[in-house]
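Engineer: So that we are looking at the same thing, I have put the structure below in structure tokens.
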Amino acid sequence: MRKNNISRFKAFYERFISLKGEPKTIATGMAMGVFIGVTPTIPFHTVLVVVSCLTFRQNIASALLGSWIISNPLTIPFFYVSEYKLGRYLWGSDHFQIVFTDYSVWNVVSMGWGGVLPFRCSREALSLPSFSLSSRILLPTASY
């Protein structure tokens with residue numbers, strides 16, 4: 001199992017290294033993908049990545065890769081729960097007690113502000129540091 005994970009990482013690394021474009025746009029695109037991947041806008045990640053990369057002229061493929069690495073079926077539940085709990089903590093209110101029966105975005109939106117506000121508060125608290133961290137990691141490696 002460990003060899004399989006190592007071979008997957010090597011394959012990912014080779015695909016990432018073989019992306020076409022300037023290293024800075026590839027690294028910034030990846031950081032933008034990580035930023036969008038952390039936000040609770042799961043059904044719209046691809047659209048947001050493409051629009052933001054076209055707007056800021058960054059590498060779309062690396063941004064999609066960054067978004068898909070961060071936001072996948074294994075990490076989505078972690079992000080939903082942590083963003084909700086962090087948002088409740090940042091908002092300083094315990095009256096946003098919600099029991100999720102379905103973890104879909106539409107279920108959260110249908111709950112009104114009580115369901116959306118904690119996610120809204122925590123979005124910047126998690127997304128901005130993740131963008132900053134991934135930029136600091138990727139940009140120095142991009143100057144080869």
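Each reported figure results from applying straightforward, stated rules to the coordinates on display, with no laboratory input. These figures come from a predicted structure and were not determined experimentally. When we count neighbours, we look across all protein chains shown, and the Cβ atoms used for this are built from the backbone with ideal geometry, even at glycine.
Engineer: Given an 8 Å cut-off on Cα distances and at least 6 residues of separation, report the relative contact order of the range 1-64 as a percent.
Structural biologist: Details: 50 pairs, mean separation 25.5, N = 64.
Once divided by the residue count of the range 1-64, the mean separation gives 40 percent.
Engineer: Something else now. Karplus couplings for the range 4-14 from phi (6.51 cos²θ - 1.76 cosθ + 1.60, θ = phi - 60°), rounded to Hz, Gly and Pro as x?
Structural biologist: 5, 5, 5, 5, 5, 5, 4, 5, 4, 4, 5
Engineer: Okay, moving on. Per 0.36 nm of contour for each residue apart, how much would the distance between I42 and W106 grow if the chain were fully extended, relative to their Cα-Cα spacing? Spell out each step's value before the answer.
Structural biologist: On the way: separation 64, 0.36 × 64 = 23.04 nm, distance 1.06 nm.
Fully extending the segment from I42 to W106 adds 22.0 nm.
Engineer: Let's see if you can work this out: charge +1 on each Lys and Arg Cβ, -1 on each Asp and Glu Cβ, no other charges. What is the dipole magnitude of the range 6-59 about its Cα centre, in debye to the nearest 20? Present the calculation step by step, with values, prior to reporting the outcome.
Structural biologist: Numbers: 6 positive and 2 negative charges, 27 e Å.
Here the size comes out at about 140 debye.
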